[in-house]
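See below for the structure under consideration.
The values are calculated or read from the model by the stated rules, or taken from the named source; none is laboratory data. This is a predicted model, so every value here is computed, not measured. All Cβ positions, glycine included, derive from the backbone under ideal geometry; neighbour counts span all protein chains shown. Keep in mind that these areas ignore ligands, DNA and RNA; they rest on the heavy atoms of the full protein, side chains included. Shrake-Rupley method; radii C 1.70, N 1.55, O 1.52, S 1.80 Å.
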Amino acid sequence: MRIAVLGAGVAGLSSAYYLARDGHRVTVVERSSGVALATSYANGAQLSYSYVAPLAGPGVLPKIPPWLMRPDSPLRFYPAWDPHQWRWLLEFVLACNQAQSDLTTRRLLELSFYSRALMHAFVQEETFEFSYAQGGKLVVFSDAPGFDSARRLLDYQRSLGCEQAALDRAACIALEPSLGDPDSALARRLVGGIHTPSEEVGDCYRFCVGLEARLRAMGVNFALNTEARKLETRAGRVIGITTSDGVIAADHYVLALGAHCALLARPLGLGLPIYPLKGYSLTLPAAKAAPKISITDYKRKVVYAPLAEPGGNELRVAGMADIAGYTERIDPVRLAQLFKESRLAFPAATDYSRGPQAMQPWTGLRPATPKGTPLLGATPYANLWLNCGHGALGWTLALGSARAVADVIGGVAPKVNMRNFAA
């Protein structure tokens, strides 16, 4: 079958990979001049298979008012005259309860563990490098109540197949010596952490570039610099995509455009509950004293992922969530804040005298759903399929989501329950 995949980020390229392996003729349609130049370009780099709890949790709502009043808040809200923004926010608030959070966590763990198995198979079969490492992840806590709450979740997480351990301050420093730096503000407030040995890291952009080369060798066609503008329909089916370079026709169509999926689907009457949460990152040239394992600062909502790159070791620092519409402009205030967080947390990780603009600043629009589960599989249109809405977990869930969608298109029973991810 001829299949058009809309989007050349990690979701779209992963979909193209499995569809091409299944024998389909695939065309990838992408508005940018290359692959993975938007949300997949410089994300947090963590492959966080076990730590997938949704943003919409029971403890989030009391934190939001103080966050919105702080200039250094991990969350900022820019209200707009946009009913889709307000609807998303209402659905997010309604999802902030324990029952929904537990349900979402169970569903995401099923998909993430499947994705992990596929990643392990992928690195055995494919030969290109993307700074992939199985170094584990440590989520560090700055206050005793937060750490106690995290420890209480361990038994629940273990019941779902997670392998995690609670570490006191001394054990955290023994595992990652950079956390013992006396000049570190993070070290001074550290009370403990949750260690997940099975977590991994990888450079998503390098993965996508390597995957593009593999796909071209498999015969996949790329329509780059081609913006998808309208889905043409007739009798309950999509009959073509009107693009900036003419109409592209196929037998099936996969929407993998990240946050922009909602905009393209809206004229078809599909109210996809996806809204962008803008995130930021810096990529630092890592000194010897930089962290060697993946770190998440739970209080500040900042992640630190070490990457072994061809030009030398780097440290990816990522965080923030701006509810600010679809603008991809880098806010210098938010960038400076992330730079400051990194300098205070790991002052010996790099030479900070060069300033944030010298450290590959980036921003991307995470395509988030209110409940935190992606939208995968069928739509009311018989040949239109979804692979979108992964939020901050797009890199983690990419292979599992793509394989499941490819199975459904090919008439094969997927290995995850697709009803859990229905639009």
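Taking the Cα centre as origin and putting +1 on Lys and Arg beta-carbons and -1 on Asp and Glu beta-carbons, what dipole magnitude results for region 1-133, to the nearest 20 debye?
260 debye
I need the shape label for region 113-175. Rule: rounded when a/c is under 1.5, else prolate if a/b > b/c, else oblate, with a, b, c from the alpha carbon gyration tensor.
Oblate, because a/c is 1.5 or more while a/b does not exceed b/c.
If one computes the Cα centroid of region 198-257 and of region 2-24, what distance in Å separates the two points?
When both Cα centres are located, 6 Å separates them.
Find which of Leu307, Ala223, Cys204 sits farthest along the positive direction of the dipole of the chain, computed with +1 on the beta-carbon of Lys and Arg, -1 on that of Asp and Glu, about the Cα centre.
Ranked along the dipole, the leading option is Ala223.
With an 8 Å Cα cut-off and a minimum separation of 6 or more residues, compute the relative contact order for region 215-337 in percent.
The normalised contact order for region 215-337 reaches 17 percent.
With just the Cα atoms defining each centre, how far is region 70-85 from region 400-423? Give it in Å.
Using only Cα atoms, the two centres lie 33 Å from each other.
Need one word for region 221-304: rounded, prolate or oblate. Basis is the Cα gyration tensor (sqrt eigenvalues a ≥ b ≥ c); a/c below 1.5 gives rounded, then a/b vs b/c decides.
prolate
At a probe radius of 1.4 Å, what is the per-residue accessible area of Tyr78, in Å² to the nearest 10?
90 Å²
Tell me which cysteines of the chain come out unpaired when the rule is another cysteine's Cβ under 4.7 Å.
Cys96, Cys162, Cys172, Cys204, Cys208
Residue by residue through region 265-280, what is 3J(HN,Hα) from phi via Karplus (6.51 cos²θ - 1.76 cosθ + 1.60, θ = phi - 60°)? Round to whole Hz and write x for glycine and proline.
Rounded to whole hertz, the list is 7, 4, x, 8, x, 9, x, 5, x, 10, 9, x, 10, 6, x, 10.
Got a sec? Charge dipole of region 92-178, +1 on Cβ for Lys and Arg, -1 for Asp and Glu; which of Gln98, Ala171, Leu154 is way out at the positive end?
Selected residue: Gln98.
If you average the alpha carbon positions of region 118-189 and of region 280-311, how far apart do those two centres end up, in angstrom?
Distance between centres, Cα-based: 13 Å.
Remind me, relative contact order of the chain in percent, using alpha carbon pairs under 8 angstrom and six or more residues apart?
Averaging sequence separation for qualifying contacts and normalising by length gives 26 percent for the chain.
Report which label in (1) 19.3; (2) 21.2; (3) 25.1 holds the value of mean projected area of the Cα convex hull in nm² derived from the coordinates of this structure.
So the calculated entry is the one marked (1).
Can you say what percent of the DSSP beta bridges in the chain, counting only those with both residues inside, are antiparallel? Round to 5.
70 percent
Where does each of 139-151, 56-68 land if you order them by average Cβ count within 10 Å, highest first?
139-151, 56-68
Can you bin region 78-233 into rounded, prolate or oblate? Criterion: square roots of the alpha carbon gyration tensor eigenvalues sorted a ≥ b ≥ c, rounded for a/c under 1.5, prolate for a/b above b/c, oblate for the rest.
Since a/c reaches 1.5 but b/c is at least a/b, the shape of region 78-233 is classed as oblate.
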